[in-house]
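The next block holds one structure in the form of C-alpha cells; read it before the comments.
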Amino acid sequence: MDKQKGFCLIELLSVLLILSILFSLSISGFSALLAKNQAVSVSNELLSDIYLTRNEAIKRGQRVSICPSIDKRTCSGSWSDGWIVYQAADDSVLSVRAKLPAGVNINANKKIKDYLSYISSGRARDTHFALQNGTFTITKADFVYKVIISNSGRPRIASL
C-alpha cells in the first residue's frame, strides 16, 4: 500500500485563501492602529515641547515661545509644518520639530494660532501680556486629540 506524502493542489489553495482573508482583515485593523499612534505621538510631542517652553521661560527668567515653522529658523507656515521653541530676547532656537507625518493635522484657535509664549512666571501671555489660553486640535483619520492650554498656562491632553 502506497502512502501519499504532501498536499494536493486543492488543499494548498484552500489554505492560501484562508490566510489571505485573515491577512486582509488584519491590515485594516493595523492601519487604524497606526493612525491612532501617529495622532497620539504628535500630541505627546507637542505637549512635551509646550512644557519645555514653559520650563525654559521659568528657568531663564525671560519670555520663551513656541511657534509653527516651515524653515525651522523663523515663525512661518502652519503648525502641521512643524514648530520651533525659541528664546524671544535673542531669537535663539532651543528645539525644532520637523514636518508632521502625512495626514496628521494641527489646528489652533485664534489666541494661539501664530504662537504660544510664556513669561518668567510660567503663565502664557502674548506680546501685549494678554492671556493666551487655547486649544490645539490634532487629527489623523477619525482620531482627534486636543492639547489644551489652561488660564494658568498649564497644558494637558484630552482625547475625543
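Residues considered: Leu33, Leu25, Leu52. Of these, the only one that is in a helix (DSSP H, G or I) and in contact with a strand residue (DSSP E or B) (Cβ under 6 Å, 6 or more places away or on another chain) is Leu52. On the phi < 0 side of the Ramachandran plot, part of a strand (DSSP E or B) and in contact with a Leu (Cβ under 7 Å, 6 or more places away or on another chain): does that describe Ser80? No; evaluated as a whole, the condition is false for this residue.
Figure legend. Inter-residue proximity from the stretch 119-140: first residues of a type in the set (Ser, Thr, Tyr), second residues surrounded by fewer than 16 Cβ atoms within 10 Å (Cβ to Cβ) and part of a loop (DSSP other than H, G, I, E, B), beta-carbon distance below 8 Å, spacing 6+ or different chains. Indicated pairs: Ser120/Gly61; Ser120/Gln62; Thr135/Asn109. Of the set (1) surrounded by 15 or more Cβ atoms within 10 Å (Cβ to Cβ); (2) out of contact with any helix residue (DSSP H, G or I) (no Cβ under 7 Å at 6 or more places or on another chain); (3) not in a strand (DSSP E or B), all apply to Leu100 but (2).
Could you tell me which of the residues Ile58, Ile70, Ile66, Ile106 is under 24 Å from Leu34 (Cβ atoms), among the aliphatic types (A, V, I, L, M), surrounded by 14 or more Cβ atoms within 10 Å (Cβ to Cβ) and touching a residue at least 12 places away in the same chain (Cβ under 8 Å)?
Ile106
Examine the stretch 4-22 for a residue that is among the aliphatic types (A, V, I, L, M) and under 19 Å from Ile148 (Cα atoms), and state whether such a residue exists. Checked against the condition, which is being among the aliphatic types (A, V, I, L, M) and under 19 Å from Ile148 (Cα atoms), the stretch 4-22 yields no hits at all.
Restricting attention to the stretch 73-97 and to residues that are exposed (fewer than 15 other Cβ atoms within 10 Å of the Cβ) and among the β-branched types (Val, Ile, Thr), the residue that is nearest to Leu34 (Cα to Cα) turns out to be Val96.
Specify the residue that is surrounded by the most Cβ atoms within 10 Å (Cβ to Cβ); the eligible residues are those in the stretch 117-160 that are of a type in the set (D, E, K, R) and part of a strand (DSSP E or B).
Filtering first and then ranking leaves Lys140.
When you scan the stretch 118-138, do you find a residue that is within 15 Å of the chain's Cα centre (by Cα), more than 15 Å from Tyr51 (Cα to Cα) and modelled with pLDDT of 95 or more, even just one? Looking through the stretch 118-138, at least one residue is within 15 Å of the chain's Cα centre (by Cα), more than 15 Å from Tyr51 (Cα to Cα) and modelled with pLDDT of 95 or more. A Cβ distance below 7 Å, combined with a sequence gap of six or more or placement on separate chains, defines the contacts here; from the stretch 7-32, residues that are farther than 30 Å from Ala102 by Cβ reach no residue that is at pLDDT below 85 and of a type in the set (Ser, Thr, Tyr).
The values are calculated or read from the model by the stated rules, or taken from the named source; none is laboratory data. Predicted model, so just to flag it, every value in this text is computed and none were measured. Cβ sites come from the backbone with ideal geometry, for glycine too, and all protein chains shown count toward neighbours.
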